[in-house]
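Before any comments, here is the structure.
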Amino acid sequence: MAFELPKLPYAYNALEPYIDAATMEIHFTKHHGAYTANLNNAIAGTELENLSIEEILVKGSDKTPVRNNGGGYFNHNLFWQWLTPDGKEKPEGELAAAIDSAFGSFEAFKEEFSKAAAGRFGSGWAWLIVKDGKLSVGSTANQDNPLVPGAGVSGYPILGLDVWEHAYYLNYQNRRADYIAAFFKVVNWDKVAELYAAHK
Ligand code: MN
């Protein structure tokens, strides 16, 4: 069964001025669209074909087209859900307590996450990861994520930020730090809390 591009949960312009409509449309239709099509091509007729995307990330990690496009498909599926025009400023409840406990405060978490996003050289992602109930921050290259063997970090990604230039360059050019700050205006903390509860 082929993977499909999910439905974007808001309009292309819904996250303006933080993420502009042109970037959203190209990022979703062209980039995520290409990862989806290329993943389907890479697994067609192979032993990976009928597995879940999470299983494909693990079992196909030694095959470059599967690793890159499977990661791209999975990461963007979650990325659109991690964003919302109706975001709260910060997490609440159990997730807020876990962030305070792991990082000292929400502000300290934001600083560490922003540093990981800014410090990722070239293309990649910054992550908030849960493993065995513990939260940590990290980053990966290319379309790797913490589920991919050999990604450098491991666990379940409960929040991620795409720092490929295609995610921000039209609006922010070289100002990745401004894009990272804008991201925190549109984070869907309810989705992060849902993933934390499911994978802690
Ligand atoms: Mn992207």
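The values are calculated or read from the model by the stated rules, or taken from the named source; none is laboratory data. Predicted, not measured: the structure shown is a model, and the values here were computed from it. As a convention, Cβ positions derive from the backbone with ideal geometry for all residues, glycine included, and neighbour counts pool all protein chains shown. Just so you know, the surface numbers come from the protein's heavy atoms only, side chains and all, with ligands and any DNA or RNA stripped out. Shrake-Rupley method; radii C 1.70, N 1.55, O 1.52, S 1.80 Å.
The table for this structure:
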quantity: Filter result for the condition that a residue is in the same structural domain as residue 159 (by TED's automatic domain parsing) and surrounded by fewer than 14 Cβ atoms within 10 Å (Cβ to Cβ), over 114, 101; calculated: 101
quantity: Qualifying residue in the stretch 77-97 (condition: at pLDDT 95 or above, at positive phi and surrounded by fewer than 17 Cβ atoms within 10 Å (Cβ to Cβ)); calculated: yes
quantity: Elements of type strands (runs of 3 or more DSSP E) contained in the stretch 124-200, each with 1 or more residues being out of contact with any helix residue (DSSP H, G or I) (no Cβ under 9 Å at 6 or more places or on another chain), within 16 Å of the ligand (Cβ to nearest atom) and open to solvent by 30 Å² or more (accessible area, probe 1.4 Å); calculated: 134-141
quantity: Residues of the stretch 35-90 satisfying the condition of being closer than 19 Å to residue 160 by Cβ and small (Gly, Ala, Ser); calculated: 52, 61, 70, 71, 72, 87
quantity: Residues of the stretch 81-123 classified as not in a loop (DSSP other than H, G, I, E, B) and not aliphatic (A, V, I, L, M), total; calculated: 16
quantity: Any chance residue 44 is open to solvent by 10 Å² or more (accessible area, probe 1.4 Å), among the small types (Gly, Ala, Ser), within 16 Å of the ligand (Cβ to nearest atom) and not assigned by TED's automatic domain parsing to the domain that holds residue 149; calculated: no
quantity: Condition met for residue 69 (closer than 28 Å to residue 170 by Cα, in contact with a Gly (Cβ under 8 Å, 6 or more places away or on another chain), open to solvent by less than 30 Å² (accessible area, probe 1.4 Å) and not assigned by TED's automatic domain parsing to the domain that holds residue 178); calculated: no
quantity: Some residue of the stretch 56-71 being under 21 Å from residue 5 (Cβ atoms), at pLDDT 95 or above and of a type in the set (Lys, Arg); calculated: yes
quantity: Of the criteria (1) part of a loop (DSSP other than H, G, I, E, B); (2) free of Cβ contacts under 8 Å to residues at least 12 places away in the same chain; (3) within 16 Å of the ligand (Cβ to nearest atom), which one residue 6 fails; calculated: (2)
quantity: Qualifying residue in the stretch 23-46 (condition: assigned to a loop (DSSP other than H, G, I, E, B) and touching a helix residue (DSSP H, G or I) at 6+ places or on another chain (Cβ under 6 Å)); calculated: no
quantity: Pairs with Cβ under 9 Å, 6+ apart, first in the stretch 70-89 and closer than 14 Å to residue 156 by Cβ and aliphatic (A, V, I, L, M), second away from the ligand (no atom under 12 Å from the Cβ) and open to solvent by 10 Å² or more (accessible area, probe 1.4 Å); calculated: 78/191; 78/195
